[in-house]
Structures are given as structure tokens and as C-alpha cells.
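Let me begin by presenting the structure, written as C-alpha cells, before commenting on it.
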């Protein structure tokens with residue numbers, strides 16, 4: 001998750017999809033600081049949804065770590081940031097980067113698949129988590145980010161995300 005202009009942007013996907021790599025690349029190319037890696041604690045605060053910054057750790061490949069160096073990657077704010085958008089990551093064999101809005105039931109199901117399942121699986125907790133996920137899906141844009149494989153394509157992916165955030 002990164003701190004972009006206007007709030008936090010979350011990247012969702014299975015392990016190995018490139019969430020941390022993409023976040024670090026956005027830091028390198030656009031100065032977006034990391035807010036959290038692996039877990040996004042989202043809650044309702046007033047009229048908006050906010051994301052609580054997480055612990056300052058990140059898992060990166062050795063090659064990307066060398067590029068980042070000793071620069072500070074993490075957002076220093078102890079306060080939550082407004083949630084701006086959620087991107088579902090899909091790396092594919094394709095020629096170009098595409099961002100598609102995911103709507104309705106599909107957005108709810110995508111967020112549900114990417115929700116942390118706690119040890120407490122009581123019906124009451126599951127219902128509560130599902131309701132919360134449904135409220136987030138209805139309130140915030142969920143987008144599918146389809147992008148080609150390869151670290152050399154990350155600058156293009158970052159440009160598309162930045163363009164999407166300003167549109």
C-alpha cells in the first residue's frame with residue numbers, strides 16, 4: 001500500500017503477484033511512500049474509509065532492494081490516511097497495461113478473496129467481516145490492473161497508475 005496524492009492506494013493479489021515490488025517501484029519513480037506491506041487495516045472514520053499505516057517492513061527481491069538502497073520507503077505519519085482506491089493485480093502475458101473498473105458483485109467477491117481470515121471463524125465474526133467488506137466495495141473504487149511480466153515494464157505500470165489517479 002502506498003501514500004499517493006489524495007490518500008492511500010492498496011494493491012491486492014495472491015502471494016508473488018508483485019504487490020511489494022510495485023509499491024517500491026512507485027516509490028522510486030514517483031516518490032509514493034509505503035504505508036504498509038502485506039496488511040491493510042481499513043476502518044470507517046467519520047464519513048470516509050481510512051487505512052492505518054503498518055509496521056515499516058517490506059519484502060523485496062535483492063535486485064529491487066539494491067535500487068532502493070537505504071532511502072526511507074515508509075510514510076512517517078502515525079495517523080491513518082484516507083483510502084483512495086484498491087487495485088487487483090493481474091500479471092499476464094500481454095502487450096500493454098490496462099486498468100478496468102470492477103463493479104458490483106465482482107468487486108465484493110474480489111475484496112472478499114483478498115481479506116485476511118482471522119482465527120475466529122465464528123458466524124458472527126464472518127458476518128461482520130463480510131458486511132465491512134461489502135461497505136468498502138460499495139464506497140471505494142476497485143480496479144483491475146492488468147500488466148505484462150518483467151521488471152523492465154514497471155515504469156509503464158507506474159505511469160498508468162499515476163494517470164489513473166489523476167483522471
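Once the Cα atoms are used to define both axes, helix 19-30 deviates from the longest principal axis of the chain by about 50 degrees. Relative to the compact-globule estimate of 2.2 N^0.38 Å, the Cα radius of gyration of the stretch 104-167 comes out at 1.48.
Could the peptides 100-111, 124-135, 153-164 be put in order, highest first, of the mean number of other beta-carbon atoms found within 10 Å of their residues? Display every interim value, and only then the final one.
Working: 100-111: 15.2, 124-135: 13.5, 153-164: 17.3.
In decreasing order of mean packing, 100-111, 124-135, 153-164 become 153-164, 100-111, 124-135.
Working note: Cα gyration tensor of the chain, eigenvalues times five, square-rooted, sorted largest first, giving semi-axes of 25, 19, 15 Å. Using the alpha-carbon atoms, what tilt in degrees (0 to 90, nearest 10) does helix 123-139 show relative to the longest principal axis of the chain? It works out to around 60 degrees. Taking the DSSP bridge list for the chain and keeping only pairs wholly inside it, about 55 percent are antiparallel. A helix-only calculation puts the chain at -11000 deg cm²/dmol for mean residue ellipticity at 222 nm, using -39500 (n - 2.57) for each DSSP H run of at least four residues, averaged over all residues.
FYI, it's all coordinate maths here, none of it is from the lab. These numbers were taken from a predicted model, which means no experiment stands behind them. Note: ideal-geometry Cβ built from the backbone for every residue, glycine included; neighbour counts use all protein chains shown.
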